[in-house]
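First comes the structure, then the notes that go with it.
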Amino acid sequence: MGTKTTGDRPLYTLTGHSLTGDRRTTPIRGDLADISLAGKLFAPHYAVPMLRTGLAPVTEIHAEPHATAMPVSALMHGEEFAVLDVAGEWAWGYCLHDNYLGYLRFAELGDDFDATHIVSASATLLVASPSAKAPVVARYPMGAQLACGLPSECGAFLACEGGYVPKTHVSELGHVAASPTDLAERLIGTPYSWGGRSGDAIDCSGLVQLVFGLKGVLASRDTDMQQAEFGDDLPEGAPLIRGDLVFFPGHVGIMVDAAHIIHANGTAMAVNVEPLSHATARFATHEQAIIARKRISL
């Protein structure tokens, strides 16, 4: 901060860095910034993030601190969130897996735990005893991380957080066998929802982030970020194969084969598979319908 005077009246001017970077992932707002930005960007106050973990099966993250605000992402059970401010029932901060900022209900966060498994089916049910006839305690969608113990006596269930889950619905963290496209196909019919990124509700970039994330390949949250940062551009004329990404203006999907794409879209209001030519036709009013094609190394 610098100071100058006009007559007897001091005038103050701020000097130093101004905000650069993406507002979706740069942890600063008008009154507060992450302590990591001290000396880089000016803010009236800096906060040391308080690390908390998602306890609800899925917690919506909003653009503003109220329930009717637009959802921008979601925090899964077991994922970490860096809290920078709490006001009333709302916390402001960012997801550790992608640095995406937003507001969520503080009550849906809790202490960290050592997750061992991740839901790799479209969803699983936590039941009260290791039996197909047991009452349901909770439902966890694909992407939720769980702390599980040894298999139960019958071998078909794992003991997990006050109940049991079927072994076939979960995978050990870091050991998901299915490919990203296989995982996406398990989500066919999942409702489309802006900001969704789970087996309960999902958007186009959320689908990409979820299924590649289960394989340990981290993608950014939004389509434009993924286009800029994720994967390698395919040469002009190179044939598409299963698992390639195709980017449209504001949209992305995953190739099932050379001619079909799986994507979460507002036309079907769900995850579906359709010919790539049909999806491309819906962007015919744009100067360029397909703006990028990328391949991800696993």
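The values are calculated or read from the model by the stated rules, or taken from the named source; none is laboratory data. Note that the coordinates shown come from a computational prediction; the quantities given were computed from them, not determined experimentally. Cβ: placed from backbone, ideal geometry, glycine included. Neighbour counts: every protein chain shown.
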Restricting attention to region 202-220, does a residue exist that is under 21 Å from H169 (Cα atoms) and of a type in the set (F, W, Y)?
-> yes
Taking region 239-262, which residues are closer than 22 Å to E287 by Cβ and of a type in the set (G, A, S)?
-> G250, G253
Any residue in region 101-118 that is within 12 Å of the chain's Cα centre (by Cα) and of a type in the set (S, T, N, Q)?
-> no
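To keep it simple, each residue is scored yes or no on (1) under 14 Å from the mean Cα position of the chain (by Cα); (2) assigned by TED's automatic domain parsing to the domain that holds E60; (3) at pLDDT below 95.
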residue: E185; (1), (2), (3): no, no, no
residue: G189; (1), (2), (3): no, no, no
residue: G199; (1), (2), (3): yes, no, no
residue: L207; (1), (2), (3): yes, no, no
residue: G216; (1), (2), (3): yes, no, no
residue: D222; (1), (2), (3): yes, no, no
residue: Q226; (1), (2), (3): yes, no, no
residue: F230; (1), (2), (3): no, no, no
residue: P235; (1), (2), (3): no, no, yes
Within region 269-281, identify whether any single residue is at negative phi, assigned to a loop (DSSP other than H, G, I, E, B) and touching a residue at least 12 places away in the same chain (Cβ under 8 Å), and answer yes or no.
-> no
Would you point out which residue out of T190, T223, T285 is over 24 Å from V58 (Cβ atoms) and of a type in the set (S, T, N, Q)?
-> T285
List the number of the failed condition for S152; all other conditions in (1) at pLDDT 95 or above; (2) surrounded by fewer than 19 Cβ atoms within 10 Å (Cβ to Cβ); (3) touching a strand residue (DSSP E or B) at 6+ places or on another chain (Cβ under 7 Å) hold.
-> (1)
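Quick one: is I262 surrounded by 15 or more Cβ atoms within 10 Å (Cβ to Cβ) and either free of Cβ contacts under 8 Å to residues at least 12 places away in the same chain or touching an Asp or Glu at 6+ places or on another chain (Cβ under 8 Å) (or both)?
Taking the combined requirement at face value, the residue satisfies it.
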